[in-house]
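Undergrad: Structure below; questions to follow.
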Amino acid sequence: MTPILLQMALIIACGSVWRTLQPAGLNAQQTRIVTTSVVYYLFLPAMVLEVLWRADIGLQSLQYTLLGIASTAFGIFCSWLCSRLFKFSAVQTGTVLLAASFANVTFLGLPVLEQTFGAWTRSVVIQIDLFAIAPFLYTFGIMLSRHYGSAEHERPKSPVAFLNTPPFWAAFIAVMLNLNHVPIPPWFAAVLQKLSAAVIPLMLFSLGLALSWQAVHLKQLPFVLTTVLIKLLLLPLFAYQLAAHLDLAPDYRAAAVMDLAMPSMLMGVVFCDRYHLDSGLYAMLVSVTTALSLLTLPFWYQLL
């Protein structure tokens, strides 16, 4: 698995180099917004449609939902306990809750799992993301961010509105076509496959654009230790134990646990900005957990 992670790291490094050099005068923020927008509105929905249209949807999907939500909730509980122990401020607590609980299941999980296990893991990743992590993030995650943040003047927006997005619509259409046994036309499948091929390199590149080391200081050690311990060790261990009691094939169980063992998600920085949490701290935690995951992911792979 190490050679695969090194390949992923090299593409991520390309984003980090772009962040430093700013070719054509395009800074990391501008480039990342364009790149992630194209992925979010075109390439990722194409992949979701292609995968879920032909996926095995049923009891297994419900087990992915249970595994994803239960593991994330466990991470939230553990990080809340640590926040009370170290007496974090409200803003710091909300930041750590997001960083230590919600995994980067798609932007990093998708390329790592596909290169490690095979293309069949696309279905695992997409189902965990769209049936578990994303709905939980856009409901309970928003509640946590609003509670601990300082943007109290902002008019609350229905969490359901956040589900009105291209990936969710693509998932809905794909599931309907799948359950009604509508065959996918070969020419259309070829188009979706070509669009899907762009997702992984662009996701890794944009991840490199987002990483930041400017906020890394010794005084941030309590936040780093809390997040690393929970996100990269305790949460995957909980997922590993829970998955052992689910009726999943060994390969699918391993892929699901590996996906939940990914470092902190990127989307959290958007929540930090919107609800006035500590965006600099969150960006630093994403950077640290992503770097350390190069060590922890091979460990979980060997164990699984």
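Undergrad: So what is the 222 nm mean residue ellipticity for the chain from helices alone, if each DSSP H run of at least 4 adds -39500 (n - 2.57) and you divide by all residues, rounding to the nearest 500 deg cm²/dmol?
TA: Calculated mean residue ellipticity at 222 nm is -21000 deg cm²/dmol.
Undergrad: Moving to a separate point now. Please list, or write none, the aspartates and glutamates whose alpha carbon is within less than 15 Å of the alpha carbon of residue 219, excluding same-chain residues fewer than 8 places away.
TA: 278
Undergrad: Exposure proxy check: 219, 87, 231 ranked by fewest other beta carbons within 10 Å?
TA: Least crowded to most crowded, the residues run 219, 87, 231.
Undergrad: What distance in nm separates the two pseudo spin-label positions at residue 187 and residue 164, each 7 Å out from Cα along the beta-carbon direction?
TA: Each label point lies 7 Å from its Cα, and together they span 3.4 nm.
Undergrad: Just to verify a number: FRET efficiency for residue 120 and residue 217, C-beta to C-beta distance, R0 = 41 Å, to 0.05?
TA: E(calc), rounded to 0.05, equals 0.45.
Undergrad: Quick one: what Rg and Dmax do you get for the chain from the alpha carbons, in Å?
TA: 18.5, 58
Undergrad: A further question follows. Report the one residue of 177, 106, 210 whose Cα lies farthest in the direction of the positive end of the charge dipole of the chain (charges on C-beta: Lys and Arg +1, Asp and Glu -1; origin at the Cα centre).
TA: Looking along the dipole axis, the top candidate is 210.
Undergrad: Using a 10 angstrom cutoff on alpha carbons, build the Gaussian network for the chain and name the most mobile of 23, 222, 166.
TA: It is 23.
Undergrad: Name the chymotrypsin sites (Phe, Trp or Tyr not before Pro) in segment 188-287 that are in a loop by DSSP and that have at most 14 other C-beta atoms within 10 Å, would you?
TA: 213
Bear in mind these aren't lab numbers, they're just calculated from the coordinates by the rules spelled out. For clarity, every value in this text was computed on a predicted model and none was experimentally measured. Neighbour counts are summed over all protein chains in view; Cβ atoms, including those assigned to glycine, are modelled from backbone coordinates with ideal geometry.
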